[in-house]
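Below is one structure, written out as structure tokens; the observations come after it.
Throughout, read-outs are computed from the coordinates displayed, never taken from laboratory work. In this text the structure is predicted, and so the values were computed from the model without any measurement. So basically every Cβ, Gly included, is an ideal-geometry build from the backbone, and we count neighbours across all protein chains shown.
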Amino acid sequence: MDDNIGNFFPADRAGPSAQGEQSPGFADLAPDQLLDAIESVGVRSSGTFLALNSYENRVYRIDLSDHEMASTGLPGLIDNGIKPLRIVAKFYRPQRWSDEQILEEHQFSAQLAEAELPVIAPLTNVKGETLFRYAEHCFALYPCAGGRAPELDNPDQLEQIGRLIGRLHAIGATEPFNHRWSLSSQWLGSDARSQVLKSALLPDYLRDSYAAVSANLLEQVEAVLAQVGGLQLIRLHGDLHPGNLLWNDAGPHLVDFDDAINGPAIQDLWMFLSGDRQYMNARLGDLLVGYEQFMEFDSRQLILIEALRTLRMIHHVGWIAQRWSDPAFPIAFPAVSSTGFWEMHINTLQEQTEQLQQPPLIWD
């Protein structure tokens, strides 16, 4: 794969966070509609379900009826002749992704699963379809897989995680996404900042302070990005934080490729690094020892870690501000409506300006 797939951090296309502001959301996804949607693709539920921890989309664990499927059911639900007790249904936020973008995510996770990576890929029906529609909603069905959080201070586990990400990237580097977005400082940073500045959640007396510190941070981020050129952009998980990597007796497995994008490899690695500089250097070494067994790592990317962390800080709060009209968000993030939250957020951003001035982590 050539080194320059598009422009690094292109700013000429809006990212997913800039779409769907007028989305109808999930107001019409009542329990009856949810279960009717599941049964519309031939899956018999018991009528029992549990809402799982998801805000951008709606995700439910569905208990199946007597472990049986209707005649038009999903053959992928049968594994070694044993029918599962539960599946997971994921309803995509309307207007956020196009069908082509969702299917590209499905195809990537299926490609990884076919290469025997421990990835939770969507189930298919008898026609080989993975994306289904009911009324105004698109949804997909997945095997129900549990696990615990990885131990981020465990060198052996980090090396194993590094091997898994290296395998993922070796496949991701074979071709780019054609419909998915490329990682962009525009939609992660500038667009998210704009969402905050126009939001009534930001107290008026803090508006100037937020505007100044966020603008300064984004200038620093752009200066960092300008130092890096010619990096290989590959298909990524995109949101590979520890909550999307579950550990069980067989080891780690990856879930939730909803934010899959083109970008630099470090995007799938840096969220496993936190703490003081010495500690992060050690944990980075653990990850990359495993990673380089399958994929060469370009150490020039290390300068991007704090820039990407900064963009995530800004984007996360901008995302909450954008989605505040969704009833799930005030319930999940009640502190955001308090002045104390914004004072702390601005203070955290001010502290991040110092981190951006530090030299990059070292990996020998």
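Computed about the Cα centre, the dipole magnitude for segment 200-254 is approximately 140 debye when only Lys and Arg (+1) and Asp and Glu (-1) carry charge, each at its Cβ.
The ranking of 138, 144 from fewest to most other beta carbons within 10 Å of each one's beta carbon is 144, 138. Legend: translational diffusion of the chain by Stokes-Einstein, Rh = Kirkwood radius over C-alpha pairs, 20 °C, 1.002 mPa s; D = 98 µm²/s. Just flag the trypsin sites (Lys or Arg not before Pro) in segment 168-213 sitting in loop per DSSP whose Cβ has no more than 16 other Cβ atoms within 10 Å. Those satisfying the criteria are 198. Once the Cα atoms of helix 155-172 and of the chain are each reduced to a long axis, what angle between those two axes, in degrees from 0 to 90 to the nearest 10, is obtained? For helix 155-172, the angle is close to 80 degrees. Where both bridge residues fall in the chain, DSSP classifies roughly 95% of the beta bridges as antiparallel. When 44, 148 are sorted by how many other C-beta atoms sit within 10 angstrom of their C-beta, beginning with the fewest, the order is 148, 44.
Using the crude model of +1 on Lys and Arg Cβ and -1 on Asp and Glu Cβ, and no other charge, please compute the dipole size for segment 171-226 relative to its Cα centre, in debye to 20.
Details: 4 positive and 6 negative charges, 29 e Å.
Result for segment 171-226 is approximately 140 debye, rounded to the nearest 20.
Placing +1 on the Cβ of every Lys and Arg and -1 on the Cβ of every Asp and Glu, with no other charges, gives the chain a dipole of roughly 500 debye about its Cα centre.
Per DSSP H run of n ≥ 4, the term is -39500 (n - 2.57); total these for the chain, divide by its residue number, and report the mean residue ellipticity at 222 nm rounded to 500 deg cm²/dmol. Only helices count here, giving -11500 deg cm²/dmol. Phi angles across segment 324-338 convert, under the Karplus curve 6.51 cos²θ - 1.76 cosθ + 1.60 with θ = phi - 60°, into 3J(HN,Hα) values of 4, 6, 6, x, 5, 6, x, 6, 6, 10, x, 5, 5, 7, 9 Hz, Gly and Pro given as x.
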